[in-house]
Amino acid sequence: MTNLALGEEKNTDKGSDVKTTDLPNVEQPKTIVSQDLNIEDLLKQIRFAGSAEEEFAKASLESAKKSGGKDWGKAAKFYGESAMFKPSTENLIGYAESSVMTGRIVGDKKNSLAAKLQDFQRAIKTYRVAILLGERTNQPLAANIRQKVDANITCLQAFLKNPDPNSPVCNLVSQALKESRIK
């Protein structure tokens, strides 16, 4: 099976009783958005995902839900793994949210802010891809989820225009900066 969204080959033709631990050469992704997400590739990935990929995606999604709010880095990792094997609006949105909240300390405060700004830019891209994926799969986001995603995008964009850690523009940015110990 080819992971088309990321251009990786994965041999997973072992049948439907494959456990997630049996998937060969499963690499732990640093980030699913280290390169631009291509909606066409994600749609192909959904169509060609076999039962092993689907099982792995579900297991990763459950692990992500358990980690969220406690260990944002772990949550981002599991949401990312889930999205790599069977992209969905749920795992893409979860990935965007958890990667915003992940605390990354890189050198001094200035470098930490620069890293966080990159996280915010990637999250915006991921949110937009999730919206588009929902529309293209005829499973648009529920109104309340779409409203939250739109609010998160607006919040992150506003902070990117004026990245002053002493005056965050919304609760999401305030929490993210606190998690990263930037404030």
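Here, each number is a calculation from the coordinates, and none is a lab measurement. Just so it is clear, the model here is predicted, and its values are computed rather than measured. Here Cβ is always computed from backbone atoms with ideal geometry, including for glycine, and neighbour counts include all displayed protein chains.
Quote to one decimal, in nm, the extra length available between residue 117 and residue 44 on full extension: 0.36 nm per residue of separation minus the C-alpha distance between them. Mind dumping the intermediate values first?
Numbers: separation 73, 0.36 × 73 = 26.28 nm, distance 3.05 nm.
Working it through step by step, the gained length comes to 23.2 nm.
Residue by residue through the stretch 73-84, which ³J(HN,Hα) values in whole Hz follow from phi under the Karplus form 6.51 cos²θ - 1.76 cosθ + 1.60 (θ = phi - 60°), with glycine and proline marked x?
x, 5, 4, 4, 4, 5, 4, x, 4, 4, 5, 5
Using a 7 Å offset from the Cα along the Cα-to-Cβ direction at both residue 74 and residue 175, what is the distance between the two label points in nm, to one decimal?
Using points 7 Å along Cα→Cβ, the separation is 1.8 nm.
With θ set to phi - 60°, apply the Karplus curve 6.51 cos²θ - 1.76 cosθ + 1.60 along the stretch 43-53 and write out the HN-Hα couplings as whole Hz, x wherever there is a Gly or Pro.
5, 5, 4, 4, 5, 9, 5, x, 5, 5, 5
Using a 10 Å cut-off around each Cβ, can you sort 129, 169 from fewest to most neighbouring Cβ atoms?
Fewest to most other Cβ atoms nearby, the residues stand as 169, 129.
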